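Asks: Got a structure for you, written out below as structure tokens; questions coming shortly.
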Amino acid sequence: MVSFLLKNFSDFSKKNAVIHNNKIYTYEDLLAKINEFKSKLSDIKSGEVVGLIGGYSFENIALFLALFLNKNIIVPINSNIDSEVEQRLKEAFANKTITYKNGLIFIKDLCEKESNILIKKLQDNDNSGLILFSSGSLAKPKAIVHNLDNLVLNFKDKKPKNLKMLLFLLFDHIGGLNTLLNGLAMGATLIIANDFSTAKICELIEKFDINVLPTTPSFLNLLLINKDYEKFDLNSLKLITYGTERMDDNILKRLKEVFSKVKFIQTFGTSETGIMNTNSKSSTSTFFNLNPDEYKIVDGELYIKSKTAFLGYLNADNHDDNGWFKTGDLVEVGENGFLKIIGRSKEMINVGGNKLLAGEVESLILQIPDIKDVLVYAENNAILGQNVACDVVCNLQKDEVKNLIRSFLRDKIPSYKIPARINVVNKIDMTARFKKDRRLNR
């Protein structure tokens, strides 16, 4: 089942596979490192749950693939917070951890005796597995179990392409692993970033002639704000893909004006369903389509049925709706079945029984030329239950901003949607996954 991947690596042997810390590794190097690491996994039995600690590196990519070939259930954990690492290992029923440091592999036995029916299913079927954790932006992170053989097989028929792709999304994120597996399957060169500031990302794009940037709307807007694209030659860029959160039409329009020769594609997926095949209506449109057999809409909410769907949660209730997964994304349906993400159901604001989505108000505020960024959220209100509030990034004084926003919105939306409190801030915080951080504002 996995022989195609190793055959590809052999066929691509002289091509560059990974660039990290200015060092270039070929597919021949990668294959040799995978085989070397696999020979050192004698203390790890097939079927064991193994926490792979660390972020992207050439060695960690090789370790991931060696564990995959060893039929392990892999728990990638990219965190420097000891308590978070410990909690994730516990909830994943991890038997061991593996870490690469200073040229050595360290394997630690966690003496875990308990297991879970989903893990046992993978073990009984001799499948490799993957356990990812949801972002937990508004709730406790969920431990999501995948059949890794099934995920990898999804990339079997990729055509070889000479592309240079940035590994922007994280090692323990479904989007990051999708970029990794997609790139390796097609023989692309993958460039690893250590610093995710807009300036450093632009520097990498210029230095290594990167063609593909998979990223998030929040990062792209920060790039517009900082204008680091003006300081570097980014002409090598051919494609920017964006996902993980709603893209604002105003921001996409500005991006296309700056990167006029770059194609923009909206991706869609979840940690539970994997990344779906999408087609954007155009580089300036936030509408996209999915295979009609793989989605349905119930009460405005998107449900997905995917070939790469997860097996279930380890630490949360599992609800099987005949294979349909309730994404939590609210959508607008346009012409010819094109879809547009308009918000998350959990982020609905309720002002005295009147409901609204933060994204609707954010989109309007971003039409104001002086506003660079905005975050709309709910605040508790003793009488109405909730009020609308917002943080804005701009160069104006607070009183000026208040008057400007309220005057602009007055004839466009009902009064209950107009922010009752407006704060001027230096920046909108992002999560570790480069999305707007709404956790502190709920």
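Asks: Round to the nearest 10 and give me the degree value, 0 to 90, for the angle of helix 198-208's Cα axis relative to the longest principal axis of the chain.
Replies: 50
Asks: With 10 angstrom as the radius, rank I365, I73, I265 by how many other C-beta atoms surround their C-beta, starting from the fewest.
Replies: Least crowded to most crowded, the residues run I265, I365, I73.
Asks: Can you give the FRET efficiency to the nearest 0.05 for K45 and I383, using r as the Cβ-Cβ distance and R₀ = 51 Å?
Replies: Plugging the Cβ-Cβ distance into 1/(1 + (r/R0)^6) gives 0.25.
Asks: If you don't mind, there's one more thing I want to ask. What is the Cα centroid distance between the range 167-198 and the range 27-53, reported in whole angstrom?
Replies: The range 167-198 and the range 27-53 have Cα centres spaced 20 Å from each other.
Asks: On to the next question. With a Förster radius of 41 Å, plug the Cβ-Cβ distance of E206 and V333 into 1/(1 + (r/R0)^6) and report the FRET value to the nearest 0.05.
Replies: 0.55
Asks: Using a Gaussian network for the chain with springs between C-alpha atoms less than 10 Å apart, which of these wobbles most: N403, N289, N221?
Replies: Looking only at N403, N289, N221, the biggest GNM fluctuation is shown by N403.
Asks: Scan the range 56-124 for trypsin sites (Lys or Arg not before Pro) in coil per DSSP, keeping those whose Cβ has at most 12 other Cβ atoms within 10 Å, and list them by number.
Replies: Of the trypsin sites (Lys or Arg not before Pro), the ones in loops of the range 56-124 whose Cβ has at most 12 other Cβ atoms within 10 Å are K113.
Asks: Multiplying the sequence separation of K238 and K307 by 0.36 nm and subtracting their Cα-Cα distance, what value in nm do you get?
Replies: Working: separation 69, 0.36 × 69 = 24.84 nm, distance 2.89 nm.
Net length gain for the segment: 21.9 nm.
Asks: To continue, here is another question. Mind sorting S306, S285 by how few other Cβ atoms lie within 10 Å of their own Cβ, fewest first?
Replies: The fewest-first ordering by Cβ neighbours comes to S285, S306.
Asks: State which entries of K38/K159; K33/K90; K15/K45; K142/K412 exceed 31 angstrom in Cα-Cα distance in the structure shown.
Replies: Check vs 31 Å cut-off fails for K15/K45; K142/K412.
Asks: Looking at the chain only, what percent of DSSP beta bridges run antiparallel? Nearest 5 please.
Replies: Counting only bridges with both partners in the chain, antiparallel ones make up about 65 percent.
Asks: What pairs in K40/K200; K207/K427; K227/K402; K156/K326; K355/K402; K14/K256 have C-alpha atoms more than 24 Å from each other?
Replies: K40/K200; K207/K427; K227/K402; K156/K326; K14/K256
Asks: What does a probe at V298 reach in the range 306-331, counting residues whose amide N is under 20 Å from the point 7 Å along Cα→Cβ?
Replies: 306-313, 316-331
Asks: Would you mind checking the tilt of helix 217-226 against the longest principal axis of the Cα atoms of the chain, expressed as 0 to 90 degrees and rounded to 10?
Replies: 70
Asks: Could you please rank S363, S282, S345, placing first whichever residue has the fewest other Cβ atoms within 10 Å of its Cβ?
Replies: With the fewest neighbours first, S363, S282, S345 line up as S282, S345, S363.
Asks: Continuing with the same structure: Calculated from DSSP H runs of 4 or more alone, at -39500 (n - 2.57) each and per residue, what is the 222 nm mean residue ellipticity of the chain, nearest 500?
Replies: Computed mean residue ellipticity for the chain: -8000 deg cm²/dmol.
Asks: Taking 0.36 nm per intervening residue step and subtracting the Cα-Cα distance, what contour gain separates K398 from K156 on full extension? List each step's numbers first, then the result.
Replies: Numbers: separation 242, 0.36 × 242 = 87.12 nm, distance 5.48 nm.
That pair, K398 and K156, stretches by 81.6 nm at full extension.
Asks: So, one more: Please give the helix 58-69 orientation as an angle from the longest Cα principal axis of the chain, in degrees from 0 to 90, rounded to the nearest 10.
Replies: 70
Throughout, read-outs are computed from the coordinates displayed, never taken from laboratory work. A quick note: this is a predicted structure, and the numbers were derived from the prediction, not measured. Positions of Cβ are backbone-derived with ideal geometry, glycine not excepted, and every protein chain shown enters the neighbour counts.
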